1. Can you give the extra length, in nm with one decimal, that the chain gains between T118 and Y103 once fully stretched, where that is 0.36 nm per residue apart less the Cα-Cα distance?
2. Check R71: other-chain or 5+ apart residues with amide H under 5 Å from its amide H, H built from backbone geometry?
3. Pairs of alpha-carbon atoms within less than 8 angstrom and 6+ residues apart define the contacts here; what relative contact order does the range 65-121 have, in percent?
4. Ordered by residue, what ³J(HN,Hα) values in Hz, to whole numbers, does the range 83-89 give under the Karplus form 6.51 cos²θ - 1.76 cosθ + 1.60, where θ = phi - 60° and Gly and Pro are x?
5. Subtract the Cα-Cα distance of K75 and L47 from 0.36 nm times their separation in residues, and report this length gain in nm to one decimal.
6. With charges set only on the Cβ (+1 for Lys and Arg, -1 for Asp and Glu), what does the dipole of the range 51-121 come to about its Cα centre, in debye to the nearest 20?
7. Output ³J(HN,Hα) for the range 6-20: one whole-Hz value per residue in order, computed from phi by the Karplus curve 6.51 cos²θ - 1.76 cosθ + 1.60 with θ = phi - 60°, and x for Gly and Pro.
8. If you take every residue apart from D89 with its C-beta less than 12 Å away from the C-beta of D89, what net charge results, scoring Lys and Arg +1 and Asp and Glu -1?
Amino acid sequence: QVQLVESGGGLVQPGGSLRLSCAASGSIVEINAMGWYRQAPGKKRDLVARITSDGSTNYADSVKGRFTISRDNAKNTVYLQMNSLKPEDTAVYYCNAEIATIYARGYLDVWGQGTLVTVSS
């Protein structure tokens with residue numbers, strides 16, 4: 001009933017920038033926190049950045065000062081601006097959101113399908 005659709009991934013050179021977008025749709029009553037996670041080949045999925053409904057943010061140490069998470073509540077969309085990209089940022093990036101729907105009490109933990117970011121020269 002709800003889904004997250006990610007976009008913006010692709011190939012970029014080291015030092016370059018990329019912006020990811022994730023739009024939630026469906027029977028949404030409320031979206032609490034939203035975040036971005038990433039998973040490199042052979043590694044576990046880790047938190048990149050998270051933003052609460054009131055705009056509070058937290059970041060993984062590896063991306064602090066380079067990445068910025070933001071959201072547009074009117075559009076049910078979260079963004080990840082990635083600057084000064086490094087090869088080690090290469091991963092599949094997944095959007096996550098805590099969503100209250102008309103059909104369920106409490107929040108659902110919803111994941112996007114993932115978008116590939118490749119940083120290489």
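The values are calculated or read from the model by the stated rules, or taken from the named source; none is laboratory data. For clarity, every value in this text was computed on a predicted model and none was experimentally measured. So basically every Cβ, Gly included, is an ideal-geometry build from the backbone, and we count neighbours across all protein chains shown. When the accessible area is computed, the model is the full protein with side chains, heavy atoms only, and any ligands, DNA or RNA have been set aside. Shrake-Rupley method; radii C 1.70, N 1.55, O 1.52, S 1.80 Å.
1. 1.6 nm
2. Long-range HN contacts for R71: Y79.
3. Values: 76 pairs, mean separation 17.1, N = 57.
That works out to 30 percent.
4. Those phi angles translate into 10, 6, 5, 10, x, 5, 7 Hz.
5. Full-extension gain reported as 7.8 nm.
6. I would put it at about 120 debye.
7. Here the 3J(HN,Hα) series is 9, 7, x, x, x, 9, 9, 7, x, x, x, 10, 8, 10, 9 Hz.
8. Residues near D89 contribute +1 overall.
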